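Participant: Here's a structure for you.
The values are calculated or read from the model by the stated rules, or taken from the named source; none is laboratory data. This structure is a prediction, so every number in the text was calculated from the model and none was measured. When we count neighbours, we look across all protein chains shown, and the Cβ atoms used for this are built from the backbone with ideal geometry, even at glycine.
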Amino acid sequence: MKNTSSNTNQTGIPNLALLIPMLAAIVAITPLAIDMYLPAMATLASSFDTGITLVQQSLSLYLAGYALGMLSFGPLADRYGRRKMVIIGLSGFMLTSFALAFVQSIEAFLALRFFQAFIGAAATVVVPGYIKEIYGQNTAKGMSYVSLIMMLAPLIAPSIGSLILELGEWHLIFFILAFYAFSLLILVCFKLNMPSDSDTSSRSDKSFLGSYGTVLTRPGVKLNIACGVLTSFAFFCYLTASPFVYMEVFGLDKSLFAVLFSTNVGALMLANVINSKIVGRYGSKRMLRVSTIFGTIAACGLLLVNMFDLHYIFTVAMLLPLMACLGVMSVNADAIVLMKFQQETGTATAVIGTLRFGFGALAGPLLALFYTGTAVPFSALMLTAVILVGLCQLFSKHQLSQ
């Protein structure tokens, strides 16, 4: 932090004590928008006089809108500036959230949810670029800080949604999301003023497709993007399978499942704290390599304890270090990619984010394809993903040595 603080005085970067939580709060609009309304799905179905399965489609539409938004706004941020995209994204998210509180039909609700995600992506896609600008060679350290704060959002969002439903109707959820975006917008207008926001020479002059061509053809990028995507796939496997594994396979009640789920999120958060403290000393490549090794060991243990049908506590014991390793692998893989670009960080973030969501969406179908009624398929898929991350690193090292 000392180096960063001194840079703050010399380069005009705002106070980190405010800037990092603000950037994390911007990224958090996505998990908040996804998770806060989950407890209201049944109420929404009743309000629109439709089936809950149709309401659930709004989640898939949101993810699709968010992926398309990242692809659209990533290159625009590189060309026209990040701050403009943040203001556009938060303004659009605020107005769309406000409009959602007044919809009368499921069709309007689905359309607005798609646009809410699409326009909101304009604000979130620029955050990794800001982190790189602030931390430079220690980008992984900054990514860990943001991830640490952002993880609180999906952890508490369903509880916030449930509390809101106790106080009022489902409309109140979207009023609060609109107010959240409005508060951030005011903060951004007065407090977000980075050197790159006024320095047009730091922006990309490439066309929309040219930016993607630069990202996808840069040497050493594709395999590191693959590392992050595979790590995300392993996490989505856990996210998709954990309710079934804990409650159906092991017969645990909802309360204990919630505790165990929160404990695994805690392991992710602790891993980000540790990474932020030591990545400056050892570097992102070494942190990625070491966490992959330990992740492979934990994933092997997870598969073995489930193949031998051991008590659920052994599954918990293997998942904790595995989830921690996935957290370290994710931020360092992304940091390695971002460090390879000076002007196309928004485009690189769009590529990473879209592929993460796209491959993450494959977790559900693959788990269904290999369904056995046990926890073995999800364990095997997580192990496969971690092993593939290791292979990507070996191929990357081989390419660099040639």
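Participant: When you scan the stretch 320-340, do you find a residue that is in contact (Cβ under 8 Å) with a residue 24 or more places away in the chain, within 22 Å of residue 139 (Cα to Cα) and not in a helix (DSSP H, G or I), even just one?
Facilitator: Taking the stretch 320-340 and keeping what is in contact (Cβ under 8 Å) with a residue 24 or more places away in the chain, we get 320-340.
Next cut, within 22 Å of residue 139 (Cα to Cα) only: 323-340.
After this cut, where a residue has to be not in a helix (DSSP H, G or I) as well, the list is 339-340.
Yes, the stretch 320-340 contains at least one residue that is in contact (Cβ under 8 Å) with a residue 24 or more places away in the chain, within 22 Å of residue 139 (Cα to Cα) and not in a helix (DSSP H, G or I).
Participant: Need the failing condition index for residue 186 against (1) part of a helix (DSSP H, G or I); (2) touching a helix residue (DSSP H, G or I) at 6+ places or on another chain (Cβ under 8 Å); (3) assigned by TED's automatic domain parsing to the domain that holds residue 80; (4) not basic (Lys, Arg), just the number.
Facilitator: Of everything listed in (1) part of a helix (DSSP H, G or I); (2) touching a helix residue (DSSP H, G or I) at 6+ places or on another chain (Cβ under 8 Å); (3) assigned by TED's automatic domain parsing to the domain that holds residue 80; (4) not basic (Lys, Arg), residue 186 misses just condition (2).
Participant: Which is assigned to a helix (DSSP H, G or I) and surrounded by 18 or more Cβ atoms within 10 Å (Cβ to Cβ), of 46, 72, 91, 58? Don't jump to the end; show me each part of the working.
Facilitator: Numbers: 46 fails: surrounded by 18 or more Cβ atoms within 10 Å (Cβ to Cβ); 72 fails: surrounded by 18 or more Cβ atoms within 10 Å (Cβ to Cβ); 91 fails: surrounded by 18 or more Cβ atoms within 10 Å (Cβ to Cβ).
Matching residue, one of 46, 72, 91, 58: 58.
Participant: Inspect all residues belonging to the stretch 359-380 and state whether any of them is touching a Phe, Trp or Tyr at 6+ places or on another chain (Cβ under 9 Å), in a helix (DSSP H, G or I) and polar (S, T, N, Q).
Facilitator: Scanning the stretch 359-380, I find no residue that is touching a Phe, Trp or Tyr at 6+ places or on another chain (Cβ under 9 Å), in a helix (DSSP H, G or I) and polar (S, T, N, Q), so the answer is no.
Participant: Tell me which of these residue 242 doesn't satisfy, since it passes every other one: (1) in contact with a Phe, Trp or Tyr (Cβ under 7 Å, 6 or more places away or on another chain); (2) crowded, with 20+ Cβ neighbours inside 10 Å.
Facilitator: (2)
Participant: May I ask you to list the residues in the stretch 94-123 that are β-branched (Val, Ile, Thr) and assigned to a helix (DSSP H, G or I)? I'd like the intermediate steps shown before the answer.
Facilitator: Quick first cut of the stretch 94-123, residues β-branched (Val, Ile, Thr) only: 96, 103, 106, 119.
96, 106, 119 - these are the residues of the stretch 94-123 that are β-branched (Val, Ile, Thr) and assigned to a helix (DSSP H, G or I).
Participant: Additional query: Name the single residue, out of those in the stretch 16-39 being of a type in the set (Gly, Ala, Ser) and modelled with pLDDT of 85 or more, that is nearest to the chain's Cα centre (by Cα).
Facilitator: First, the residues of the stretch 16-39 that are of a type in the set (Gly, Ala, Ser): 17, 24-25, 28, 33.
In the following step, the residues that additionally are modelled with pLDDT of 85 or more were identified as 24-25, 28, 33.
Details: 24: 11, 25: 13, 28: 9, 33: 13 Å.
It comes out as 28.
Participant: Name the one entry in 270, 209, 288 that is surrounded by fewer than 21 Cβ atoms within 10 Å (Cβ to Cβ), of a type outside the set (S, T, N, Q) and within 22 Å of the chain's Cα centre (by Cα). Spell out how you get there, then give the answer.
Facilitator: Details: 209 fails: within 22 Å of the chain's Cα centre (by Cα); 288 fails: surrounded by fewer than 21 Cβ atoms within 10 Å (Cβ to Cβ).
Matching residue, one of 270, 209, 288: 270.
Participant: Out of curiosity, is residue 207 of a type outside the set (Asp, Glu) and within 20 Å of residue 127 (Cα to Cα)? Talk me through it step by step, then tell me what you get.
Facilitator: Details: of a type outside the set (Asp, Glu): yes; within 20 Å of residue 127 (Cα to Cα): no.
Considered against the rule, which asks whether it is of a type outside the set (Asp, Glu) and within 20 Å of residue 127 (Cα to Cα), residue 207 comes out as no.
Participant: Could we say that residue 8 is hydroxyl-bearing (Ser, Thr, Tyr), modelled with pLDDT under 85, touching a helix residue (DSSP H, G or I) at 6+ places or on another chain (Cβ under 8 Å) and in a helix (DSSP H, G or I) here?
Facilitator: Details: hydroxyl-bearing (Ser, Thr, Tyr): yes; modelled with pLDDT under 85: yes; touching a helix residue (DSSP H, G or I) at 6+ places or on another chain (Cβ under 8 Å): yes; in a helix (DSSP H, G or I): yes.
It is true that residue 8 is hydroxyl-bearing (Ser, Thr, Tyr), modelled with pLDDT under 85, touching a helix residue (DSSP H, G or I) at 6+ places or on another chain (Cβ under 8 Å) and in a helix (DSSP H, G or I).
Participant: Among the numbered criteria (1) modelled with pLDDT under 90; (2) closer than 18 Å to residue 383 by Cβ; (3) basic (Lys, Arg), which single criterion is violated by residue 254?
Facilitator: Of (1) modelled with pLDDT under 90; (2) closer than 18 Å to residue 383 by Cβ; (3) basic (Lys, Arg), only one is false for residue 254: (2).
Participant: Tell me, yes or no, whether the stretch 162-173 has at least one residue that is buried (at least 19 other Cβ atoms within 10 Å of the Cβ) and either farther than 25 Å from residue 92 by Cα or in contact with a Pro (Cβ under 7 Å, 6 or more places away or on another chain) (or both). If you could, list the steps in order and put the result at the bottom.
Facilitator: Looking only at the stretch 162-173, we keep the residues that are buried (at least 19 other Cβ atoms within 10 Å of the Cβ), and these are 164, 170, 173.
Adding the requirement that they be either farther than 25 Å from residue 92 by Cα or in contact with a Pro (Cβ under 7 Å, 6 or more places away or on another chain) (or both) leaves none.
There is no residue in the stretch 162-173 that is buried (at least 19 other Cβ atoms within 10 Å of the Cβ) and either farther than 25 Å from residue 92 by Cα or in contact with a Pro (Cβ under 7 Å, 6 or more places away or on another chain) (or both).
Participant: Quick check: is even one residue across the stretch 80-87 of a type in the set (Ser, Thr, Tyr) and over 30 Å from residue 199 (Cα atoms)? Outline the logic, then answer.
Facilitator: Pass one, the stretch 80-87, residues of a type in the set (Ser, Thr, Tyr): 80.
Of the ones still in play, those that are also over 30 Å from residue 199 (Cα atoms) are none.
No, the conditions are met nowhere in the stretch 80-87.
Participant: Looking at the stretch 199-247 only, could you name the residues that are within 24 Å of residue 296 (Cβ to Cβ), small (Gly, Ala, Ser) and not in a helix (DSSP H, G or I)?
Facilitator: 220
Participant: Report every pair of residues separated by at least 6 positions or lying on different chains whose Cβ atoms are under 6 Å apart, first residue within the stretch 21-33 and under 20 Å from residue 68 (Cβ atoms) and not assigned by TED's automatic domain parsing to the domain that holds residue 118, second basic (Lys, Arg) and surrounded by 23 or more Cβ atoms within 10 Å (Cβ to Cβ).
Facilitator: none
Participant: Quick one: in the stretch 145-193, which of the residues that are polar (S, T, N, Q) and without any contact (Cβ under 8 Å) to a residue 60 or more places away in the chain is farthest from residue 112 (Cα to Cα)?
Facilitator: First, pick out the residues of the stretch 145-193 that are polar (S, T, N, Q): 147, 159, 162, 183, 193.
From what's left, without any contact (Cβ under 8 Å) to a residue 60 or more places away in the chain: 159, 183.
Values: 159: 24, 183: 21 Å.
Looking at residues that are polar (S, T, N, Q) and without any contact (Cβ under 8 Å) to a residue 60 or more places away in the chain, I get 159.
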